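Provided herewith is a single structure, encoded as structure tokens, for subsequent inquiry.
Read-outs: derived from the displayed coordinates by stated rules, not from any lab. Every value quoted in this text rests on a predicted model; they were computed, and no experiment measured them. Methodologically, a virtual Cβ is constructed for each residue, glycine included, from the backbone with ideal geometry; neighbour enumeration extends over all protein chains shown.
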Amino acid sequence: MPPVAAPSAALTAVAPAPTRLWTPKRVLVTRSAAERPYGQYVLGRLEQAGVEDVELLQGDRLPNLRGDGDRAAFMLAKNTMALVVPPASLRRLQPIAPSADWRFDLAQGCPAHCSYCYLAGSLSGPPITRVYADLDEALTGLDAYVGRGSVTSGTAERGGEGTTFEASCYTDPLALEHLTGGLARAITRFGTAEWSGPVQLRATTKFDDVASLLDLPHGGRTRLRFSVNAASVARRFEAATSPVPGRLAALGAVAAAGYPVGVTIAPIMPVDGWQQEYGDLLDAIAAVLPPGTDLTVECITHRFTPGSKATLTEWYPRSRLEMDEGQRTTKRGKFGAVKHVYPKETMAELRGWFQDAVAARLPGAHLLYWT
Ligand code: SF4
């Protein structure tokens, strides 16, 4: 099936001014990354963005960035971007339920400072942001996966999405877009590739710099989702992200540009007055969307693991994020991994409320999953 043309509303999409653009304090570039055409392109963008401390390495090994484990070493790592070529194994894609059929990484790491960051439990080593310089080859390599899938193409209610690729498993692509242009490249490839059958690129973000995406030939094949939360949760626990009103303005802009869109409400927390706060959030989402928007909703409650708690406590020792095992129920994953989730009664109350509230306040939306 040829790509679907964006609705004529694309002509009226207006880019909101970005509220937060990351400037890394230093950038490390491996030799192989600098040799790739896309690596060269990113180097040009870094220069344009005024990033001054760019170090071209002699080889492909990054220096030891572990530091001595103190706060300064942590902050330096968070302020460091590396341009690298990932190992070939990363381009043998892995399934990633329930979000998508396949994980497709543009980068790994994120410059923001969410106290609950889900990367804390999934990534090891110093928290630098690695941007992958093999993007062009990686995008071509997706040909082999189109038409294969298990999550979305295997279920009746998501069958129309075709084969889905998730670009936000280990990064926030929009946080880096002004420096890398990688998401725009991926969107353009998905929008213009001669693939038969439906296919979808998916990305989630807590940022709002969407100006460069609005006029791309997306063909309706990229679903841009914005991760949003109750006002008090975002204020207390989402440092160095774009504020929620900025994310919602960006959501409205990309919807007006004809993208299918989504909101990822995560991590949901039963804070004082949560019905009011999440109700206000759903109303604010409804207010920015043009009529007829293709909208999905994903709901994820807060959870933590022993590993993520240890890492987050080290990263953000003064955070007031509740991670008290005594207030949680223990769940075990496929391989026995422990997760601490809200007790059954709390989960049932939250779930019931969200299902009703989403249906009432976002009547055209498709609730993809609750977890
Ligand atoms: Fe982690 Fe996402 Fe926050 Fe970045 S925006 S710090 S990836 S939770």
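Give me the one-decimal nm value for the distance between modelled label points at residue 283 and residue 325, 7 Å along each residue's Cα-to-Cβ direction.
Taking the simple label geometry, residue 283 and residue 325 are separated by 4.1 nm.
Setting aside same-chain residues fewer than 8 positions from residue 309, which lysines have a Cα under 22 Å from its Cα?
The reachable lysines, counting only those whose Cα sits under 22 Å from residue 309, are 78, 206, 331, 334, 339, 344.
In whole angstrom, and with the biggest value first, how far do the Cα coordinates of the stretch 249-371 range along each principal axis?
Over the stretch 249-371, Cα extents along the principal axes are 44, 32, 31 Å.
How many nm is it between the label spots at residue 70 and residue 89, if each spot is 7 Å from the Cα in line with the beta carbon?
3.5
I want the local charge near residue 79. Using Cβ-Cβ distances under 9 Å, sum +1 for each Lys or Arg and -1 for each Asp or Glu among the other residues.
Its environment carries a net charge of +3.
Calculate how many DSSP beta bridges within the chain are antiparallel, expressed in % of all such bridges and rounded to the nearest 5.
Bridges in the chain that DSSP calls antiparallel: roughly 20 percent.
Okay, next question. Quote to one decimal, in nm, the extra length available between residue 47 and residue 239 on full extension: 0.36 nm per residue of separation minus the C-alpha distance between them.
66.5 nm
What spacing in nm lies between the two simple spin-label points modelled at residue 349 and residue 212, each 7 Å away from Cα in the Cβ direction?
For residue 349 paired with residue 212, the spin-label model returns 4.5 nm.
At a Förster distance of 25 Å, what's the computed FRET efficiency of residue 140 paired with residue 367, Cβ-Cβ distance as r, to 0.05?
Once the sixth-power term is evaluated, E becomes 0.15.
Can you give me the P(r) profile for the chain? Cα pairs, bins 10 angstrom wide beginning at 0, each as a whole percent.
Calculated over all Cα pairs of the chain, the distribution is 5, 24, 34, 27, 10, 1 percent.
Expected output is a single nm value to one decimal: the length gained when fully extending between residue 19 and residue 339, i.e. 0.36 nm times separation in residues minus the C-alpha distance. What is it?
111.8 nm
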